[in-house]
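The values are calculated or read from the model by the stated rules, or taken from the named source; none is laboratory data. It should be emphasised that the depicted structure is a prediction, and the values quoted were computed from it without experimental measurement. Note that we place each Cβ from the backbone using ideal geometry, even for glycine, and neighbour counts take in every protein chain shown.
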Amino acid sequence: MKVLIVDDEEMIRAVLREYVEFEGGQADEAQDGMEAVRKCRETEYDVILMDIMMPKLDGFSAVKEIRKFSATPVIMLSARGEEYDKLFGFEIGSDDYVTKPFSPKEVMARIHAVMRRGKPAAQAGGEVYEFEGLKIDVTGRNVYVDGEKAELTPKEYELLFYFVQNAGVALTRERLLNKVWGYDFYGDDRTVDTHVKMLRGNLKEYRKFIVTLRGLGYKFEA
């Protein structure tokens with residue numbers, strides 16, 4: 001387990017590093033968003049712990065830059081606990097959100113959770129789906145809309161893969177939260193709705209395949 005800890009407070013970095021190393025992992029540190037982006041270009045990490053309020057480049061902006069070349073799971077760390085901040089973090093591609101002050105043990109539990117959630121799609125073998133002009137390559141983790149590659153966030157990929165692998169099945173929001181985000185994810189139905197809205201936007205006319213089931217959830221029909 002290799003973790004990048006990004007925070008402008010040295011004490012927080014030190015505490016998190018201690019917990020990561022205590023569990024046998026390796027910890028690297030960055031004190032601002034610019035340093036974090038540079039280190040992510042140079043090194044491959046299993047998880048990134050990203051503070052939001054930092055000098056030079058804030059956490060949200062850093063995640064946007066990192067998502068241009070890496071799908072490494074990101075857990076946001078912030079004293080700002082407003083729902084808007086959490087949803088915005090998910091929209092730009094973060095995987096989880098922890099509000100300060102936090103328990104280092106909780107952060108470690110979340111690190112293990114996002115690492116577990118990141119495995120299924122990567123391990124899926126030989127799966128390619130085509131629905132009219134929509135091509136979904138689970139193995140290569142690519143989605144094409146009328147021959148053009150769609151740029152999805154890591155969570156949008158996982159959501160779409162789960163939809164097509166359960167085509168024709170009515171999926172409740174609770175089930176989607178459990179299967180795509182993990183049973184230990186601290187989110188609610190609006191998290192699912194926000195990601196479905198973003199996913200539909202990226203699928204363009206093929207958004208029609210994701211059908212809303214009023215009062216229940218969604219179903220992939222093609």
- request: Mind listing just one residue for me: the one in the range 1-32 that is touching a Lys or Arg at 6+ places or on another chain (Cβ under 8 Å), hydrophobic (A, V, I, L, M, F, W, C) and without any contact (Cβ under 8 Å) to a residue 40 or more places away in the chain and, of those, farthest from Arg67 (Cα to Cα)?
  value: Ala27
field: Segments classed as helices (runs of 4 or more DSSP H), wholly inside the range 56-166, with at least 2 members that are touching an Asp or Glu at 6+ places or on another chain (Cβ under 7 Å) and modelled with pLDDT under 85
entry: 104-117
task: Please find, among Val63, Val3, the residue that is over 14 Å from Asp96 (Cα atoms) and either within 20 Å of the chain's Cα centre (by Cα) or not assigned by TED's automatic domain parsing to the domain that holds Ala113 (or both).
output: Val3
- request: Report, by residue number, each residue of the range 33-62 that is touching a residue at least 60 places away in the same chain (Cβ under 8 Å) and surrounded by fewer than 17 Cβ atoms within 10 Å (Cβ to Cβ).
  value: Asp46
- prompt: Looking at this structure, is Thr172 modelled with pLDDT under 90 and either within 14 Å of the chain's Cα centre (by Cα) or among the β-branched types (Val, Ile, Thr) (or both)?
  reply: no
So Met53, is it assigned by TED's automatic domain parsing to the domain that holds Ser103 and in contact with an Asp or Glu (Cβ under 9 Å, 6 or more places away or on another chain): yes
message: I need the full set of residues from the range 156-179 which are within 22 Å of Gly89 (Cα to Cα), touching a helix residue (DSSP H, G or I) at 6+ places or on another chain (Cβ under 9 Å) and either among the hydrophobic types (A, V, I, L, M, F, W, C) or surrounded by 15 or more Cβ atoms within 10 Å (Cβ to Cβ) (or both), in order please.
response: Glu156, Tyr157, Glu158, Leu159, Leu160, Phe161, Tyr162, Arg173, Leu176, Leu177, Lys179
